[in-house]
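Right, one structure below, let's go through it.
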Amino acid sequence: MEDTSTLILDIDKIRKDFPVLHQQVNGKPLIYFDNAASTQKPSSVISVIKSYYENDNANIHRGIHTLAERATEAFEASRKTVRDFLGAAYEEEIIFTKGTTESINLVASSYGRNFLDPGDEIMISAMEHHANIVPWQMLCEEKGLKLRVINVTEEGEIDLADFEQQLNPRTKIVSLVHVSNTLGTINPIKHIIDASKKQGAVTLIDGAQAVSHLEIDVQELGCDFYVFSAHKIYGPTGAGVLYGRKELLEKMPPYQGGGEMIDEVSFEKTTYNELPYKFEAGTPNIADVIAMKTAIDYINKLGKKNIAAYEDELLKYATEKVSKLDKVTIIGKAKNKVSVLSFVVAGMHHFDIGLMMDARGLAVRTGHHCTQPLMKHFGLEGTARASFAFYNTKEEIDVFVDSLTKITQLAK
Amino acid sequence: MSTINQIQDEIIEEFEILGGDMESTIFYIMELGNKLPDMNDADKIEDNIIKGCQSKVWLTTNLDNEHLKFNADSNTEITKGLISLLIRVLNGQKLDDIINADLYFIDKIGMKRVIGSQRSNGFSAMIKQMKMYALAYKGQKELRENS
Ligand SMILES: Cc1ncc(COP(=O)(O)O)c(C=O)c1O
């Protein structure tokens, strides 16, 4: 059969762009299948960071000298790229943060504290990452709100009937993961956003696992907030994004106080800067925000459609092979999935699986994946998870399946 | 019976056959874990859990004259294999010998690399706990003898 997607993406050439992939681990070629935890960085991203510090380093928005101008321009260029990447209407709807976690905390703190009243409700799902659970729990405790949790089916999909049943006029925020980091499930967020909006609830979508695989258009989705981290889209750690609808961001108070976010400060009264700076107090992570643009440019050059098609092919290939193995159960069998394959082996602790795979040069993630409630839902302590990116290959999956086969033979 | 160091040297020799290949080393350790008898469920209680290990490790002891006997189990096979090596070296040895043991075999068989930094804490916790038991028994004995 002709392999059409690999004709579009030249994987050999792509792999050359990622220096980290070319090494031996425990005497075997590294096979990096932990992309859902963090993706590797292409040379272009690495060199932009280096070049920034070598040539342009200055504080932004504050100086009129040439370096400050250059740094500011590059920083703001990144905002524009992110706007296009998410399909947002305005640049000032893009707030730079440390990452997904901080973005969610910002909304919980600034929106949640000021626009919710005791007895109001927040709705999340049973498949959320701790980053989309704990900030809301803290807010609920503080304000006397109720946290509702949408059920997840055995296949690992959102139970839509349960969602519709729980949604009510007191639901003020619906905060949902776009793609589950543990199961790979792509959630029907458009449907959920529409229904939530009808009830007057504000929606936040945790896009941490979605942005590297799916095309995102926040205007078409109609969500109020969309958040992600640069390190999961081939960019640096410590930089991320909060997209917020302008109308909402404008009425929200600042999250932190300090420099950058002010208009005028006196001891009597301080007036705040306009969007997006109101939410970007202090000197930001300039170099990494700039490099986020380079990462997005890289993805755009490959094309998300091509990426998705190739990753789908990898997932299908792996799923088919792993399904055939004795003692192995795949966790997460949703119809719509990204390239995440979570599994357990009967009679074998996931910790042992992780170690044995590492001995083979295979990097997989083991444990609860920061989704302990979801693990509890499935009655598991943890799983092993392989997650594939466009630089992975079927040959690598063959090694993975071979290692997994040996592991099942050892299982009691 | 063999001394602590004689047993350590035996183990080092056994692992040399594996030629430093990580996969074979891990598989071998897992086999050792497989062979270690399971502990009674009644002993797998919170009190017997060693704190500081990533996986669960239970450890019990009993003193037979001067000689300390260990029983251990874990919910992961590799950890069980690692403990089985520690038990093989320390089981039935005299209290003082356990307290003063220099466990050089760990490094020599490349186990440092196997257990890695995230797990070595747990591994040192195991060794520490075994030595603590020996110290405690010794303390008890001295108390009895002095009173
Ligand atoms: C679905 C999801 N949400 C949130 C996060 C948290 O992201 P970060 O640690 O980059 O803030 C992750 C990262 O693992 C994730 O997968």
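The values are calculated or read from the model by the stated rules, or taken from the named source; none is laboratory data. Since we're looking at a predicted model, the values are computed, not measured. For neighbour counting, all protein chains shown are included, and Cβ atoms are generated from backbone atoms with ideal geometry for every residue, glycine included. These accessible areas exclude ligands, DNA and RNA; they are computed on the full protein's heavy atoms, side chains included. Shrake-Rupley method; radii C 1.70, N 1.55, O 1.52, S 1.80 Å.
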* To do: For chain A, build the convex hull from the C-alpha positions and give me its volume per residue in Å³.
  => 148
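A:LYS246 to A:GLU142: extension gain in nm, 0.36 nm per residue of separation minus the Cα-Cα distance?
Result: 34.8 nm gained on full extension.
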* Asked: So how far, in whole Å, is the C-alpha centre of the stretch A:7-61 from the one of the stretch A:210-279?
  -> 26
* Cβ-based net charge around A:ASN187, under 15 Å, with every Lys or Arg adding one and every Asp or Glu removing one -> -4
* Taking the alpha-carbon centroid of each part, what is the distance from the stretch A:331-387 to the stretch A:109-180 in angstrom? -> 25
* Which three lengths, in whole Å and largest first, does chain B cover when its Cα atoms are put on their principal axes? -> 55, 33, 26
* Just the number, please: carbon plus sulfur as a percent of the accessible area of the stretch A:18-77, 1.4 Å probe, no ligands or DNA/RNA counted. => 57
* With each run of n ≥ 4 DSSP H residues scored as -39500 (n - 2.57), what mean residue ellipticity at 222 nm is computed for chain A after dividing by its residue count and rounding to the nearest 500 deg cm²/dmol? -> -11000 deg cm²/dmol
* Structure fact -> XL table A:LYS406/B:LYS35; A:LYS305/A:LYS406; A:LYS16/A:LYS316; A:LYS50/A:LYS246; A:LYS232/A:LYS376; Cα-Cα > 28 Å flagged, in table order, is A:LYS305/A:LYS406; A:LYS50/A:LYS246
* Structure fact -> Given the candidates A:GLY367, A:ASN285, A:LEU325, the one whose Cα lies deepest towards the positive end of the charge dipole of chain A, counting +1 at each Lys or Arg C-beta and -1 at each Asp or Glu C-beta, is A:LEU325
* Of the DSSP H helices in chain A, those whose Cα atoms cover at least 20 Å axially and whose Kyte score averages 0.5 or more -> A:286-302
* In the stretch A:50-90, chymotrypsin sites (Phe, Trp or Tyr not before Pro) in a DSSP loop with at most 16 other beta-carbon atoms within 10 Å -> A:TYR90
* Structure fact -> Full extension between A:ASP117 and A:GLU268 adds, at 0.36 nm per residue less the Cα distance, a length in nm of 51.4 nm
* Asked: Based on Cβ point charges of +1 for Lys and Arg and -1 for Asp and Glu, what charge dipole magnitude is obtained for the stretch A:1-126 about its Cα centre, in debye rounded to the nearest 20?
  -> 540
* Asked: Tally Lys/Arg at +1 and Asp/Glu at -1 over every other residue whose Cβ is under 9 Å from the Cβ of A:THR203; what's the total?
  -> 0
* Asked: Once label points are set 7 Å from the Cα along Cα→Cβ at both B:SER24 and A:GLU54, what is their separation, rounded to one decimal in nm?
  -> 4.5
* **Per-selection Kirkwood Rh - the stretch A:354-405 (Cα, Å, 1 d.p.)** => 12.2
* To do: Determine the sum of side-chain charges near A:GLY332: Lys and Arg each +1, Asp and Glu each -1, restricted to other residues whose C-beta is under 13 angstrom from that of A:GLY332.
  => +1
* How high is the FRET efficiency from A:LYS198 to A:GLU155, r the C-beta distance, R0 30 Å, rounded to 0.05? -> 0.70
* Long-range amide H partners of A:ILE262 with built H, under 5 Å -> A:ASN273
* To do: Kindly provide the trypsin sites (Lys or Arg not before Pro) of the stretch A:240-341 that DSSP labels as loop, not H, G, I, E or B, and whose Cβ sees at most 10 other Cβ atoms within 10 Å.
  => A:LYS269, A:LYS324, A:LYS335
* Figure the gain on full extension for A:GLU215 and A:SER323 (residue separation times 0.36 nm, minus the Cα-Cα span) and round it to one decimal in nm. => 36.0 nm
* To do: Identify which of B:GLY122, B:GLY19, B:GLY92 has the largest mean-square fluctuation in a Gaussian network model of chain B, with springs joining Cα atoms closer than 10 Å.
  => B:GLY19
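Hey, with R₀ at 51 Å, roughly what FRET efficiency would A:SER43 and B:HIS67 work out to, going by the Cβ-Cβ distance, to 0.05?
The value I calculate is 0.25.
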* Asked: Which one of A:THR271, A:PHE33, A:MET138 has its Cα pushed farthest toward the positive end of the charge dipole of the protein assembly as shown, where Lys and Arg give +1 and Asp and Glu give -1 at the Cβ?
  -> A:MET138
* Structure fact -> Gyration tensor (Cα only) of the stretch A:258-368 to equivalent ellipsoid, semi-axes in Å sorted down, yields 46, 20, 14
* Asked: When only DSSP loop residues count, what chymotrypsin sites (Phe, Trp or Tyr not before Pro) in the stretch B:66-110 have their Cβ near at most 14 other Cβ atoms within 10 Å?
  -> B:TYR104
* Among A:HIS350, A:ILE186, B:SER55, whose Cα sits farthest toward the positive end of the charge dipole of the protein assembly as shown (+1 at Cβ of Lys/Arg, -1 at Cβ of Asp/Glu, about the Cα centre)? -> B:SER55
* Cα-projected label distance for B:ALA42 with A:ASN306, points at 7 Å along beta-carbon direction, nm -> 6.8
* Which FRET efficiency value, to the nearest 0.05, is calculated for B:LYS51 and A:VAL20 with the Förster distance at 60 angstrom and r the Cβ-Cβ distance? -> 0.95
* Where the only charges are on Cβ atoms (+1 Lys, Arg; -1 Asp, Glu), what is the dipole of the protein assembly as shown about its Cα centre, to the nearest 20 debye? -> 280
